[in-house]
Amino acid sequence: MSSSDKKDLHDKWPEYYDRFPYFTPDAIRDGCHPKAMEHEAAPGKAIVLVHGLTDSPYFLLAIAHHFYANFGYNVYLPLLHCHGLKEPKGMEGVELEEWKANVRFAINAAAAKAAHVSIGGLSTGGALSFFMACTKPKITGELYLFSAALDLAGGSLGVVGEMKERLLRSFLPDVLDVFDNKKPLLGRNPYRYARMDMDGAQELARLIKETDDLLDGFNAKDPFPKRVFAAHSEFDSTASIQGIRTLQKKTLPEHFTLYAIPENEEVEHASVVLEKPIYAIDAAEGEKPLEQANPRFAKMMIAVTDFERAS
């Protein structure tokens, strides 16, 4: 058996399917499966990395391998409810509470083999990671946020973003979803759905309201207690960097590292975590990628390394 074959077997996570029977290995698109990357000897440190809305653990693989190979961490990448499926069925029945259950399972798996457990994520996964860092005592390590959706982007001072969040928490998404469900969720991207589903967006808006309430509980006298590394593009038109800056103000300065990518580099929301571009399933030779790589990925990971070594 080759080393790559051994690694593939090593990454599989049968316990995840046992706990969440709505997922099976055959029901999930190639490359979108949940993963557990564990060292043979107990490493002492582990991290849970949570993907974003509409995408899959694939997006975080480059970061996962960095923590696994360079830091010696066990790494756990849960697949969120209604994601990564060959037959997504319009994400009908998607629930925020199931997303939380998916992440809690990964945290418990990490804590069973390591005393120092960190958490991080992309976009919605970042918001879930912040929520768990506030509410789950087993998160004893750091918080890593990549394009975290603590606020939706839009308008001066985030006013339009706040309106989006309120609308998504209303009855309107249920009405719009009647029309959206006529559009397929599967498209040319092998690792994410082709569009934002209204049901999923509504659950994200509910999550943001919960994280807003948690953020309100921290201040200069009672700061957020964990060390935070946050990477965010100022070009991001999906998640506002303002949510990150709010958290930064409520964290001790020596505990917060912000890696901000300048707006003129035009790094889009999900691209922040990509070391390599993502091409369409049926991409022709010379066709442009669907998702561009982050040109600052290597420098970003150097910043992550410096942050981790300072812990």
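Averaging sequence separations of C-alpha pairs under 8 Å and six or more residues apart, then dividing by the length of the chain, give the relative contact order as a whole percent.
Answer for the chain is 16 percent.
Return the inverse of the average 1/r over all pairs of distinct C-alpha atoms in the range 1-147, which is the Kirkwood hydrodynamic radius, in Å to one decimal.
For the range 1-147, inverting the mean 1/r across all distinct Cα pairs yields 15.1 Å.
At R0 = 41 Å, how high is the FRET efficiency between T305 and A284 if r is their beta carbon distance? Nearest 0.05 is fine. Numbers along the way, then the final one.
Details: r = 37 Å, r/R0 = 0.91.
For T305 and A284, the calculated efficiency is 0.65.
Quick one: which residues, 5+ away or cross-chain, put their amide H under 5 Å from the amide H of A149? H built at 1.01 Å from N.
So A149 has HN proximity to S123, T124, G126, A127.
When the chain is fully extended, how far beyond the present Cα-Cα distance does T140 get from K276, taking 0.36 nm per residue of separation?
Length gained between T140 and K276: 45.9 nm.
In square nanometres, what is the average projected area of the Cα convex hull of the range 34-100?
Mean orientational projected area (the range 34-100, Cα hull): 5.1 nm².
Can you give me the Rg/Rh ratio for the range 266-311, using Cα atoms for both radii and the Kirkwood formula for Rh?
1.15
Suppose the chain between N70 and E87 were pulled fully straight at 0.36 nm per residue; how much longer would it get relative to their current alpha carbon spacing?
Full extension from N70 to E87 adds 2.5 nm.
On a 32 Å Cα-Cα criterion, which of the cross-link pairs K183/K288; K35/K221; K183/K249; K45/K299; K35/K288 come out too long? Working shown, then result.
Numbers: K183/K288 24 Å; K35/K221 39 Å; K183/K249 41 Å; K45/K299 23 Å; K35/K288 29 Å.
Where the Cα-Cα span goes over 32 Å, the pairs concerned are K35/K221; K183/K249.
Please list, ordered by chain and number, the residues whose modelled amide H lies under 5 Å from the amide H of F256; skip anything fewer than 5 residues away on the same chain.
V228
At each listed q (0.08, 0.13, 0.14, 0.15 Å⁻¹), what is the log10 of I(q)/I(0) that the Debye formula gives for the chain modelled as equal alpha-carbon point scatterers?
-0.33, -0.92, -1.09, -1.28
Output the Kirkwood hydrodynamic radius of the range 209-249, Cα pairs only, in Å rounded to one decimal.
For the range 209-249, the Kirkwood estimate is 11.4 Å.
Which of the helices in the chain meet the span-like rule: DSSP H, Cα axial reach of 24 Å or more, Kyte-Doolittle mean at least -1.0?
The qualifying helices are 198-216.
Residue by residue, what Karplus-based ³J(HN,Hα) values in Hz, rounded to whole numbers, does the range 236-241 have, using 6.51, -1.76 and 1.60 with θ = phi - 60° and x for Gly and Pro?
With the stated coefficients, the range 236-241 comes to 4, 9, 10, 10, 6, 5 Hz.
Taken together, the values in this text are just the output of simple stated rules run on the coordinates, not laboratory data. Remember, predicted model here, so these are calculated numbers, not experimental data. Note that we place each Cβ from the backbone using ideal geometry, even for glycine, and neighbour counts take in every protein chain shown.
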